[in-house]
Amino acid sequence: MAEHADHTAQPTTHPAYPVGLRLAGRRVVVLGGGQVAQRRLPALIAAGAEITLISPSATPSVDVMAETGEITWIKRRYEDGDLADAWYALVATTDPAANAAASAEAERTRTWCVRSDDAEAATAWTPATGRSEGVTVAVLTGHDPRRSAAVRDAIVEGLRDGSIAAPARRARTPFVALVGGGPGDPDLITVRGRRLLADADVVIADRLGPRDLLDELPPHVEVIDAAKIPYGRFMAQEAINNALIEHAKAGRSVVRLKGGDPFVFGRGMEEAQALAAEGIACTVVPGISSSISVPGAAGIPVTHRGVAHEFTVVSGHVAPDDPRSLVDWASLAKLTGTLVILMGVDKIGKIAEALIAHGKSPDTPLALVQEGTTASQRRVDATLATVGETVRAQEVRPPAVIVIGDVVREAPDRLVK
């Protein structure tokens with residue numbers, strides 16, 4: 001008589017067979033409410049599983065999942081029979097005997113079982129998993145979880161930033177996106193912004209956008225320098241609006257790449273309104289504003305405990321005595337926090353005079369950070385009384401962010417860039 005095969009999990013050189021479990025509406029049992037459960041439960045919840053947690057205790061995060069009804073928590077230790085009718089089990093208690101008993105039950109009931117304490121004794125392994133745009137990436141490298149995570153991260157990042165070409169076979173829906181590119185360093189654009197750039201047919205770029213990203217675009221992408229759009233009888237902004245509308249109506253995927261954030265002195269709302277007037281929807285992708293990132297890159301915190309409890313961001317593109325100015329400089333002079341001025345290099349002399357005239361101390365420290373976050377970044381320090389002459393003597397040129405206030409003195413001696 002032939003002997004029955006021993007199905008107990010044994011160390012093996014055979015690779016695991018990858019499969020995607022569809023657990024929506026199906027019973028899943030988790031034994032142990034510690035850190036392993038805390039990491040694994042969100043994905044099981046997202047999969048729609050009906051989760052029963054069996055554990056006498058749980059971390060605060062797991063407790064919240066039970067309180068909100070995302071899982072059912074039975075507050076006791078494992079007992080034989082707990083895996084009945086389960087499709088999948090995660091065994092992660094601190095009791096080796098309980099783990100072994102649960103693993104044996106899973107073997108008897110043919111329930112796929114993951115063990116956190118002994119991968120070789122398990123019937124299933126948890127891959128390092130990541131997601132991007134509807135794609136799930138799951139990586140198994142046997143007994144090297146760090147390598148699995150590293151490979152997973154590399155693939156997911158490549159899918160997100162477009163460096164791994166994986167075009168969908170279905171027809172793409174054309175789009176218009178107003179993308180904030182951040183302060184200049186190409187690494188500081190958002191993941192979503194970078195992904196939309198990789199899918200674009202046309203990119204209309206500002207001079208202050210992260211120019212290095214344009215070199216990474218595929219050859220078929222049409223790159224339009226917004227500063228060079230012919231505008232004839234139109235104002236420059238109207239010409240940009242018309243270009244967005246024209247390419248969108250032609251069925252192209254269009255990215256309007258702007259420096260900083262589209263809605264922080266970026267005229268993004270004007271473009272969104274122009275598109276809406278033509279019945280064209282657009283997506284707005286926020287960007288890291290230079291008003292906080294550039295000072296940070298220069299070691300200046302816009303707020304700091306005991307020094308500044310608020311910061312104000314102001315456009316300096318028109319002087320205080322210009323009738324077009326909407327800024328209440330008298331009120332700003334009375335604030336004790338940090339004042340950040342964008343687009344104000346050529347007007348900073350008059351701005352400083354106005355602040356001093358309204359009561360700000362002439363000795364108030366000030367820093368100008370030119371081309372912040374880029375390889376050409378430099379910082380020039382002054383005071384309100386000396387800044388006009390300092391800008392001329394040091395030949396400070398736009399783009400530069402101006403920071404006024406005591407936080408300027410808080411920069412550490414050493415800052416890693």
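Looking at Asp206, Asp212, can you tell me which residue is of a type in the set (D, E, K, R), open to solvent by less than 60 Å² (accessible area, probe 1.4 Å) and in contact (Cβ under 8 Å) with a residue 12 or more places away in the chain? Don't jump to the end; show me each part of the working.
Values: Asp212 fails: open to solvent by less than 60 Å² (accessible area, probe 1.4 Å).
Selected residue: Asp206, the only one of Asp206, Asp212 that is of a type in the set (D, E, K, R), open to solvent by less than 60 Å² (accessible area, probe 1.4 Å) and in contact (Cβ under 8 Å) with a residue 12 or more places away in the chain.
Exactly one of these conditions fails for Tyr78: (1) at pLDDT 95 or above; (2) closer than 23 Å to Arg22 by Cβ; (3) in a loop (DSSP other than H, G, I, E, B). Give me its number.
For Tyr78, the failing item is (2).
Inside the stretch 229-299, counting only helices (runs of 4 or more DSSP H) that do not spill past its ends, which hold 3 or more residues that are open to solvent by less than 50 Å² (accessible area, probe 1.4 Å) and without any contact (Cβ under 8 Å) to a residue 60 or more places away in the chain?
Values: elements: 236-249, 268-277, 290-297.
Filter on the stretch 229-299 gives 236-249.
Select from the stretch 100-115 the residues that are in a helix (DSSP H, G or I) and in contact with a helix residue (DSSP H, G or I) (Cβ under 8 Å, 6 or more places away or on another chain) and write down the one among them that is surrounded by the most Cβ atoms within 10 Å (Cβ to Cβ). Steps first, please.
Taking the stretch 100-115 and keeping what is in a helix (DSSP H, G or I), we get 100-109.
Adding the requirement that they be in contact with a helix residue (DSSP H, G or I) (Cβ under 8 Å, 6 or more places away or on another chain) leaves 100, 103.
Numbers: Ala100: 15, Ser103: 24.
Checked the stretch 100-115; the qualifying residue surrounded by the most Cβ atoms within 10 Å (Cβ to Cβ) is Ser103.
When the stretch 199-228 is examined, which residues are found to be under 22 Å from the mean Cα position of the chain (by Cα), in a loop (DSSP other than H, G, I, E, B) and not small (Gly, Ala, Ser)?
Of everything in the stretch 199-228, those that are under 22 Å from the mean Cα position of the chain (by Cα), in a loop (DSSP other than H, G, I, E, B) and not small (Gly, Ala, Ser) turn out to be Asp199, Asp206, Leu208, Pro210, Leu217.
Limited to the stretch 303-324, what total is found for residues that are open to solvent by less than 50 Å² (accessible area, probe 1.4 Å) and touching a residue at least 60 places away in the same chain (Cβ under 8 Å)?
Looking only at that region, the number is 3.
If you go through the stretch 24-54, how many residues are more than 14 Å from Cys113 (Cβ to Cβ) and assigned to a loop (DSSP other than H, G, I, E, B)?
8
Looking only at the stretch 175-198, count every residue that is part of a loop (DSSP other than H, G, I, E, B) and surrounded by fewer than 18 Cβ atoms within 10 Å (Cβ to Cβ) and tell me the total.
Start the filter on the stretch 175-198 by keeping residues that are part of a loop (DSSP other than H, G, I, E, B), which leaves 175, 181, 183-185, 189-190.
Add one more test, that the residue is surrounded by fewer than 18 Cβ atoms within 10 Å (Cβ to Cβ), and what stays is 190.
Total satisfying the criteria: 1.
Would you be able to tell me the number of residues in the stretch 117-130 that are open to solvent by 60 Å² or more (accessible area, probe 1.4 Å) and touching a Leu at 6+ places or on another chain (Cβ under 9 Å)?
Here the count works out to 1.
Select from the stretch 114-131 the residues that are more than 19 Å from Ile45 (Cβ to Cβ) and without any contact (Cβ under 8 Å) to a residue 60 or more places away in the chain and write down the one among them that is farthest from the chain's Cα centre (by Cα).
Within the stretch 114-131, the subset more than 19 Å from Ile45 (Cβ to Cβ) is 115, 117-123, 125.
Next, from what is left, pick out any that are without any contact (Cβ under 8 Å) to a residue 60 or more places away in the chain: 115, 117-119.
Values: Arg115: 33, Asp117: 34, Asp118: 35, Ala119: 34 Å.
In this case the residue turns out to be Asp118.
Give the residues of the stretch 30-71 that are open to solvent by 50 Å² or more (accessible area, probe 1.4 Å), closer than 23 Å to Arg110 by Cα and at pLDDT 95 or above, sorted by residue number.
Glu50
Among (1) within 29 Å of Val137 (Cα to Cα); (2) assigned to a loop (DSSP other than H, G, I, E, B), there is one condition Met65 misses while meeting the rest; what is its number?
(2)
Among the residues of the stretch 215-228 satisfying the criterion of being open to solvent by 70 Å² or more (accessible area, probe 1.4 Å) and at pLDDT below 85, which is farthest from Gln377 (Cα to Cα)?
Pro219
The values are calculated or read from the model by the stated rules, or taken from the named source; none is laboratory data. Predicted model only: the values in this text are computed from it and were never measured. Positions of Cβ are backbone-derived with ideal geometry, glycine not excepted, and every protein chain shown enters the neighbour counts. Heads up: the accessible areas ignore ligands, DNA and RNA and are worked out on the full protein's heavy atoms, side chains in. Shrake-Rupley method; radii C 1.70, N 1.55, O 1.52, S 1.80 Å.
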